[in-house]
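Would you mind keeping the following structure in view while I ask a few things?
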Amino acid sequence: MLSRVAESVYWMSRQVERAENIARFLEVTLNLILDQPENLVDPWSPLVQVTADEEWFEEKYGKPDSRNVVQFLAFDDEYPNSMVSCLRAARENARGVRETLSSEAFEQLNEFYHFVGDASPAAAMDPTSQFFDAVRKQTLLWSGVFASTMAQDSGWHFANLGRMLERADKTSRILDVKYFNLLPNLADVGTAVDDLQWSALLLAISGIEAYRRDHHQIEIEKVVDFFLFNRSFPRSIHHCIASANWSLGEIEEASSSDMARTAGPILDELQHRLAHTQVEEALAGGMHQFVDSVQTEINRIGEALGQDYFQISVNT
Amino acid sequence: MQNQPQQTQSQLAQAQAGQSQNGQMQSQSGPVPCLDGYETGSFFDEVVDQDACARPDAVALVDLINRLPSGELNRRQLAIERSLYQMGITFTVYSDSAGTEKIMPFDIVPRIIAPDVWTHIDSGLKQRIRALNRFLSDIYNERKIIEDGIIPASIVDSCPAYLPQCRGLRPPHDVWCHITGTDLVRDNDGNVFVLEDNLRCPSGVSYVLQNRSVMKRNFPQAFTASMVRPVSDYPARLYQMLRRMAPAHITNPNVVVLTPGVYNSAYYEHSYLAHQMGVELVEGRDLLVKDDRVYMRTTDGLQSVDVIYRRVDDTFLDPKVFNPKSVLGVPGLMSAYRAGNVALANAPGTGVADDKVVYAYVPEMIRYYLGEEPILSNVPTYLCDREEDRAYVLDHLDELVVKAAGESGGYGILIGPHATPEERQEFAEKIIENPRNYIAQPTLQLSRVPTMVGDHLEGRHVDLRPYILCDGPDDVWVLPGGLTRVALKKGCLVVNSSQGGGSKDTWVVAQAGEAIARV
């Protein structure tokens with residue numbers, strides 16, 4: 001397929017996933033403050049920290065609170081990684097490759113974009129977070145439409161690659177930020193509040209039910225293990241990386257060219273590492289360091305994909 | 001004019017509605033449905049007669065409209081607009097820096113064309129395209145028509161769209177204008193006139209196909225009862241034509257659509273056509289030329305390209321030959337084209353026939369190349385380049401429409417009767433300064449079609465752009481239908497979408513033996 005199209009499909013899919021994850025961040029936080037004794041933990045600052053755009057935020061909004069963080073993450077037109085900006089970018093990418101998408105897939109994304117673009121921040125602040133729930137449903141619709149109307153060809157695999165890499169990255173960020181946020185309150189370990197916090201974390205990746213089936217009780221190590229290494233849950237980092245690697249394999253298999261590629265080996269290695277690391281090891285070496293190194297690898301994979309597939313030079 | 005459409009139509013009306021010669025209703029066949037409260041005024045209406053009663057081919061439609069509960073027509077109209085927006089069937093508004101997208105306003109009441117009127121249009125367009133194609137071939141090669149004194153060399157050579165870089169070109173099968181959208185209008189008597197030819201990158205066919213699909217969903221009964229000819233095979237025919245253009249030795253040609261990109265106002269259409277044909281939609285940056293061959297950059301390296309349906313204007317096609325600043329095109333494309341390694345539709349240089357001065361000579365071209373009388377008339381045209389015409393135009397600015405020769409999209413137009421004295425003065429100066437660039441035509445009272453205005457129907461002026469595919473010098477096909485553009489503002493005569501016009505579905509009614517579209 002055209003390099004430009006492959007790149008656009010890849011980014012379209014990453015951007016929708018990014019928007020979805022923002023909705024998850026916000027929804028779970030809005031839920032959290034409902035159940036939480038007042039002012040126990042500031043839930044909003046970590047959401048800004050996770051973006052790595054804290055300075056930008058402070059300059060425009062000052063101190064994080066529920067109102068301005070929702071505005072910033074969901075609706076800020078000027079912030080390129082807000083939910084609405086991601087969806088706009090995804091839709092622009094989709095428009096540029098519309099002929100390679102099923103009509104249903106394009107129309108669903110178009111509707112999704114309008115749904116968020118036409119929403120008012122006030123509606124989103126509703127503590128029952130119906131709005132974010134609706135956003136998650138839109139993305140489920142989108143992935144369902146995508147799965148059942150698109151041929152599972154190279155274009156599909158580029159989309160899956162983008163989605164899985166983005167999801168792995170975001171899952172790691174949810175874990176990272178919450179871990180830092182929650183861990184300092186060591187006195188709370190094993191208390192109801194602690195349970196609540198970690199449950200909320202699992203809820204953010206829709207994993208609470210799957211977790212409880214396996215472990216019943218909330219334990220930090222097991223939660224971390226679930227996030228990082230679960231082999232069957234679709235939002236665990238290991239599962240995402242394995243799925244990305246599968247798609248890359250399919251793309252390479254379908255390729256008629258014997259060009260040298262670099263993304264495959266990096267992805268292989270990361271998958272191998274996730275399959276063979278124990279959670280104790282990850283925690284002992286510093287969870288943040290572990291997560292950070294995963295994020296670095298994901299970035300390297302993204303760059304390698306660019307060289308391998310998206311910027312085909314004249315001499316190839 | 002041959003085949004006076006209105007006469008034939010009224011005869012048909014009498015036959016089908018059971019009217020006697022003097023127009024009295026015969027009791028046994030029931031009354032012809034009329035649009036309640038609708039006024040045709042002094043205009044020719046395409047759907048109803050002067051008493052607002054359905055024309056024969058519109059009986060099913062008017063009947064349905066009458067039977068709809070109050071407010072239902074408006075409700076369906078809004079539902080259609082909403083679905084077009086959701087489907088992302090939009091165009092970009094250039095004047096808006098934010099790149100706002102709009103749907104082309106759509107009107108729910110279709111325009112209906114009687115079979116005999118269509119036969120007349122169809123044969124007239126085929127004749128016209130055959131002549132225009134011969135003309136293009138001639139002026140870039142032998143230039144016999146100039147030698148024989150039919151059209152002055154100065155007219156051709158001074159046309160900005162005449163590209164000296166294309167001299168001596170011989171496109172495959174000697175076809176230049178593969179895809180044409182010719183604008184037609186009907187006057188107060190229902191006579192059909194050619195308003196202009198669009199041979200560069202005529203757009204709008206995607207709206208024809210989409211309008212049809214929403215109308216089928218919203219008016220299935222009236223649609224079925226009206227025996228409408230299908231339009232859905234356009235993409236397949238387009239693809240077949242493009243395939244046949246490929247260099248002779250290529251057995252399985254790679255066809256692509258070349259677009260300027262998502263910010264082009266017609267991007268939706270480029271994407272739609274590529275999608276419908278199942279071919280790649282490429283931008284200039286996706287292509288490159290090596291050793292006079294065109295390739296596209298794919299995830300598997302370079303892949304050859306054999307046929308390009310280009311929706312990029314001539315002068316942006318190749319910065320090495322035309323506009324050196326163009327980033328929309330492909331350096332070296334023209335050289336690959338000359339070498340016969342890639343086919344382009346339309347051939348570069350066809351825009352010369354869009355020039356409004358050249359247009360005035362088309363009837364002469366038909367006589368010269370084909371030895372036939374033109375079936376479709378031009379609108380009478382004054383060429384300001386001719387001294388006598390110019391004097392007349394300057395004296396009658398208040399009753400003429402003046403147009404800049406190279407403009408399109410409703411720009412560069414003066415509608416004399418609606419203009420202020422200052423505007424007329426401004427145009428007078430422009431004409432005197434550059435007479436070659438201006439033509440003038442009498443203001444036609446364009447025909448009208450009932451159109452939703454708020455919650456009721458009013459007559460609005462329309463034109464018609466049928467789409468024509470030319471597969472060989474004598475192999476021309478006209479899509480039975482076309483884009484009916486409607487001026488939504490009361491009394492307005494300019495129908496272009498860039499001027500706030502909308503569109504309607506166009507129902508060409510089948511004759512015996514012709515295929516009928518199914519819902």
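The values are calculated or read from the model by the stated rules, or taken from the named source; none is laboratory data. Nothing here was measured: the structure is a model prediction, and the numbers come from that model. Glycine gets a Cβ as well: all are built from the backbone with ideal geometry, and neighbour counts include every protein chain shown. Please note that ligands, DNA and RNA were not included when accessible areas were found on the heavy atoms of the full protein model with its side chains. Shrake-Rupley method; radii C 1.70, N 1.55, O 1.52, S 1.80 Å.
Name the one entry in A:Glu104, A:Glu27, A:Glu92 that is in a helix (DSSP H, G or I), touching a residue at least 24 places away in the same chain (Cβ under 8 Å) and within 14 Å of chain B (Cβ to nearest Cβ).
A:Glu104
When A:Glu38 is evaluated against the numbered criteria (1) surrounded by 20 or more Cβ atoms within 10 Å (Cβ to Cβ); (2) modelled with pLDDT under 85, which criterion, by number, is the only one it fails?
(1)
Can I ask one more? Kindly indicate whether any position in region A:309-316 is in contact (Cβ under 8 Å) with a residue 40 or more places away in the chain, within 14 Å of chain B (Cβ to nearest Cβ) and aromatic (Phe, Trp, Tyr).
Yes, there is a match, as at least one residue in region A:309-316 is in contact (Cβ under 8 Å) with a residue 40 or more places away in the chain, within 14 Å of chain B (Cβ to nearest Cβ) and aromatic (Phe, Trp, Tyr).
If you take the residues of region B:268-293 that are within 7 Å of chain A (Cβ to nearest Cβ) and touching a strand residue (DSSP E or B) at 6+ places or on another chain (Cβ under 7 Å), which of them is surrounded by the fewest Cβ atoms within 10 Å (Cβ to Cβ)?
The residue in question is B:Leu288.
Right, another one. Can you tell me which residue among B:Val185, B:Val208, B:Val194, B:Val175 is closer than 30 Å to B:Gln86 by Cα and either small (Gly, Ala, Ser) or touching a residue at least 40 places away in the same chain (Cβ under 8 Å) (or both)?
Selected residue: B:Val208, the only one of B:Val185, B:Val208, B:Val194, B:Val175 that is closer than 30 Å to B:Gln86 by Cα and either small (Gly, Ala, Ser) or touching a residue at least 40 places away in the same chain (Cβ under 8 Å) (or both).
Being at pLDDT below 90 and open to solvent by less than 10 Å² (accessible area, probe 1.4 Å) is true for just one of B:Gly454, B:Gly491, B:Gly501. Which residue is that?
Residue meeting the stated conditions: B:Gly501.
Filter the helices (runs of 4 or more DSSP H) completely within region B:1-100 down to those with at least 2 residues that are modelled with pLDDT of 65 or more, over 26 Å from B:Asp187 (Cβ atoms) and not hydroxyl-bearing (Ser, Thr, Tyr).
In region B:1-100, the matching helices (runs of 4 or more DSSP H) lie at B:59-67, B:72-86.
Being part of a loop (DSSP other than H, G, I, E, B), away from chain B (no Cβ under 14 Å) and surrounded by 15 or more Cβ atoms within 10 Å (Cβ to Cβ): is that true of A:Ile218 here?
Yes, satisfied.
Something else now. Out of the residues in region B:294-338 that are part of a strand (DSSP E or B) and either under 16 Å from B:Gly349 (Cβ atoms) or aromatic (Phe, Trp, Tyr) (or both), which is farthest from the other protein chains (Cβ to nearest Cβ)?
This residue is B:Arg310.
For A:Asn81, only one of the following conditions fails: (1) in a loop (DSSP other than H, G, I, E, B); (2) within 14 Å of chain B (Cβ to nearest Cβ). What is its number?
For A:Asn81, the failing item is (2).
Would you be able to tell me the number of residues in region A:241-277 that are loosely packed, with under 12 Cβ neighbours inside 10 Å and part of a loop (DSSP other than H, G, I, E, B)?
Adding up the residues that qualify gives 3.
Please pick out the residue among B:Arg424, B:Arg367 that is of a type in the set (Lys, Arg), more than 20 Å from the chain's Cα centre (by Cα), open to solvent by 30 Å² or more (accessible area, probe 1.4 Å) and at pLDDT 95 or above.
B:Arg367
A further question on this structure: Among the residues of region B:167-182, write down those that are modelled with pLDDT under 95 and either assigned to a helix (DSSP H, G or I) or within 14 Å of the chain's Cα centre (by Cα) (or both).
Within region B:167-182, B:Pro172, B:His173, B:Asp174 meet the criteria.
Just wondering, is there one or more residues in region B:139-151 that are surrounded by 20 or more Cβ atoms within 10 Å (Cβ to Cβ) and under 22 Å from B:Val476 (Cα atoms)?
Yes, region B:139-151 has at least one match.
Okay, next question. Among the residues of region B:258-266, is any at pLDDT below 95 and at the interface with chain A (Cβ under 9 Å from one of its Cβ atoms)?
Looking through region B:258-266, at least one residue is at pLDDT below 95 and at the interface with chain A (Cβ under 9 Å from one of its Cβ atoms).
Can you confirm whether region A:123-138 contains a residue that is assigned to a helix (DSSP H, G or I) and within 14 Å of another protein chain (Cβ to nearest Cβ)?
Yes, that holds for at least one residue.
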